[in-house]
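Enquirer: Below: one structure in structure tokens.
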Amino acid sequence: MTDEKIMATIKPDGECWQPEIEKMPREQLEALQVKKLKESIKVALNSPFYKKRLGDLGITPDSINSLADLRKIPFTTKQDLRDNYPYGLVGRSLDDAIRIHSTSGTTGNPCVVVYSEHDICSWANMIARNLYMVGCRKSDIFQNSSGYGMFTGGLGFQYGAEWLGAMTVPAAAGNTKRQIKFIKDFGTTVLHAIPSYAIYLAEAIREEGIDPKDLKLHTLCIGAEPHTEEQRRRIERVLNVKAYNSFGMTEMNGPGVAFECKYQDGMHLWEDNYIVEIVDPDTLEPVPDGEMGEMVLTTLDRDMMPVLRYRTRDLTRIIPGECKCGRTHRRIDRIKGRTDDMFIIKGVNVFPMQVEKVLVQYPGLGSNYLITLDTVNDSDVMTVEVELEGLESDIFPDIQNMTKDIQAALKSEILLKPQVKLVKKGSLPMSEGKAVRVKDLREGRG
């Protein structure tokens, strides 16, 4: 499967997969965005959802003459996708569709995305661009530990690595012993894994008596769940790799929307494929570069099912200034969390990432932790359980002192004092998928 239009723009120069796009002057890049936005609106108006949503406001491609005009378009939400399941946002004939992906739909209808051949090629090329940016080449062996099927992380990276020309190992999620065997036997050099599983895999490698330095693995692509810089550095240290952050979501194709370059100073969001906005999640007004807010994305290179001004619920910021790599596409910071991941306890807004930020500072702790929210005597209680790594749980004085230190550090970070329990390694549930970090047992919220 190839797209001749995309293939014609691929002229790697040793640093960039598509240098004329990746280093396009800002004025030219923004003009390209306006042109593509007009085309996206034209397709969107053929869908039942946008025909009514935009039609009621009289919005047509001619309504857009600059990026500032984007604000004329209403936001699209996850609920809109669910309410118009499955094909309500599709703007072309289903005869032109070749694939569907969707979210899990655990709380109702899933969010469905329908792809044309062009859409799949554009997505694959974007991931190839990311991989090339961090030094991956045709000579690499790429192993993917993400789930396949409806989840986008599997086939997304699979097609991207193949588009690059690398040999691929579609290992899929789970079966850690087999993952390790493949890494050893096939000489895997590049691995894609979610952060919590990367730590889990590293611990399993160590238990197998293998020194990561004896493996050929040199690059790790991580994403799909929030993580701290300290966790990234720990992954790099225990696996002896360079780990690069990735951002993506099903509604925007899947992985590859943004990716770090070799400088690991924010993720370049590919603005030839998306328009990015950062807004205040309460007022929905734009915030200045450098200020944290909710990310809003508009697709620009999807000709089957454009999505306009999608509220991602992800919290991040635009990193001001230019990147040392010379790419002109703006950078977003790592995802702090999601507006819908935040929990409120005793009137305080708390994100799991704030808790992890504290825990990773203690070398005696493992990577697995669980936050439990419960109600005791009509009062909300927050308990943080974390596994021990370097200390035995029966060394009471050391455990007691560390518990007090962690409580104090958490209170300083989140402005309330939780209960802290240090537990034996392996006593908390361990998932090979996305880690479950919060269990809310409060009445009506579990």
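Enquirer: Please state the shape class of the range 241-316: rounded when a/c is under 1.5, otherwise prolate if a/b exceeds b/c and oblate if not, all from the C-alpha gyration tensor.
Expert: Working: a/c = 2.05, a/b = 1.13, b/c = 1.81.
The shape class here is oblate.
Enquirer: Counting Lys and Arg as +1 and Asp and Glu as -1, each charge on the Cβ, what is the dipole of the range 46-129 about the Cα centre in debye, to the nearest 20?
Expert: Numbers: 10 positive and 9 negative charges, 51 e Å.
For this selection, approximately 240 debye.
Enquirer: Let me see the pair-distance distribution of the range 37-154: every alpha carbon pair, 10 Å bin width, integer percents in order.
Expert: Taking every Cα pair in the range 37-154, the percentages come to 11, 32, 33, 18, 5, 0.
Enquirer: Separate question: Taking the solvent-accessible surface of protein heavy atoms with a 1.4 Å probe, what is the per residue accessible area of the range 46-104 in Å²?
Expert: Per-residue accessible area for the range 46-104 comes out at 56 Å².
Enquirer: Here is a further query. Place +1 on the Cβ of every Lys and Arg and -1 on the Cβ of every Asp and Glu in the chain, take the dipole about the Cα centre, and give the residue among Ala8, Gly256, Val241 whose Cα lies farthest towards its positive end.
Expert: In the chain, that residue is Ala8.
Enquirer: Placing unit charges on C-beta atoms (Lys and Arg positive, Asp and Glu negative, everything else neutral), compute the dipole magnitude of the chain about its Cα centre in debye, rounded to 20. Each step should come with its number before you reach the end.
Expert: Values: 58 positive and 64 negative charges, 59 e Å.
Around 280 debye, computed over the chain.
Enquirer: Another question, if that's okay. Quantify, in whole percent, the carbon and sulfur part of the accessible surface of the chain (1.4 Å probe; protein heavy atoms only). Walk me through the numbers on the way to the answer.
Expert: Values: 9730 of 19640 Å².
That fraction is 50 percent.
Enquirer: Still on this structure: In the chain, with Lys and Arg counted as +1 and Asp and Glu as -1 at Cβ, which of these residues, His268, Ser139, Ala171, has the Cα nearest the positive end of the dipole, that is, farthest along it?
Expert: Selected residue: Ser139.
Enquirer: Label Arg99 and Gln407 with points 7 Å out from Cα along Cα→Cβ: what is the distance between them in nm?
Expert: That separation, rounded to one decimal, is 5.1 nm.
Enquirer: May I pose another question? Among Leu201, Leu94, Leu217, which one moves the most in a GNM of the chain with springs linking Cα atoms closer than 10 Å?
Expert: Leu94
Enquirer: Something else now. Which number do you get for Rg(Cα) / (2.2 N^0.38 Å) in the range 52-121?
Expert: Values: Rg = 14.4 Å, N = 70, 2.2 N^0.38 = 11.1 Å.
After normalising by residue count via 2.2 N^0.38 Å, the value is 1.30.
Enquirer: Return the whole-Å distance between the Cα centroid of the range 196-237 and the Cα centroid of the range 265-281.
Expert: The range 196-237 and the range 265-281 have Cα centres separated by 27 Å.
Enquirer: Moving on. With n ≥ 4 as the cut-off for DSSP H runs, can you work out [θ] at 222 nm for the chain, using -39500 (n - 2.57) per run divided by the number of residues, rounded to the nearest 500?
Expert: It lands at -9000 deg cm²/dmol.
Enquirer: How large is the accessible surface of Val238 in square angstrom, using a 1.4 angstrom probe and rounding to the nearest 10?
Expert: Its accessible surface works out to 50 Å², give or take rounding.
Enquirer: Largest first, how would Leu155, Leu428 line up by accessible area (1.4 Å probe)? Before the final figure, lay out each step's value.
Expert: On the way: Leu155 45, Leu428 20 Å².
Solvent-accessible surface, decreasing: Leu155, Leu428.
Enquirer: Now a separate question. In a Gaussian network model over the chain where Cα atoms closer than 10 Å are linked, find which of Leu415, Leu300, Leu215 has the largest mean-square fluctuation.
Expert: Leu415
Enquirer: What percent of all Cα-Cα pairs in the range 1-97 falls in each 5 Å bin, counting up from 0?
Expert: Reading upward from the zero bin: 2, 11, 16, 17, 16, 14, 14, 7, 2, 0.
Enquirer: With springs only between Cα atoms under 10 Å apart, run a GNM on the chain and tell me which of Ser104, Ser146, Ser246 wobbles the most.
Expert: Answer for the Gaussian network model of the chain: Ser104.
Enquirer: Continuing with this model, one more query. May I have the extent of the alpha carbons of the range 289-432 along their three principal axes, as whole Å values ordered from largest to smallest?
Expert: So the extents along the principal axes, rounded to whole Å, are 60, 41, 31.
Enquirer: Could you tell me which of Ile183, Ile194, Pro226 has its Cα farthest along the dipole of the range 181-230 towards the positive end, charges placed at Cβ (Lys, Arg +1; Asp, Glu -1), taken about the Cα centre?
Expert: Of Ile183, Ile194, Pro226, it is Ile183.
Enquirer: To the nearest 20 debye, what is the magnitude of the charge dipole of the range 130-233 about its Cα centre, counting +1 on the Cβ of each Lys and Arg and -1 on the Cβ of each Asp and Glu? Each step should come with its number before you reach the end.
Expert: On the way: 11 positive and 11 negative charges, 49 e Å.
Dipole magnitude for the range 130-233 comes out near 240 debye.
Enquirer: Another question, then. Considering the convex hull of the alpha carbon atoms of the chain, report its projected area averaged over all viewing directions, in nm², one decimal. Please report the intermediate quantities before stating the final value.
Expert: Numbers: hull surface 89.4 nm².
Value for the chain: 22.3 nm².
The values are calculated or read from the model by the stated rules, or taken from the named source; none is laboratory data. Bear in mind the structure is a predicted one, so any value in this text is a computation, not a measurement. Using ideal geometry, Cβ is built from the backbone for each residue, glycine included, and neighbour counts are taken over all protein chains shown. Side chains are part of the model used for accessible areas, which takes the heavy atoms of the whole protein and leaves out ligands, DNA and RNA. Shrake-Rupley method; radii C 1.70, N 1.55, O 1.52, S 1.80 Å.
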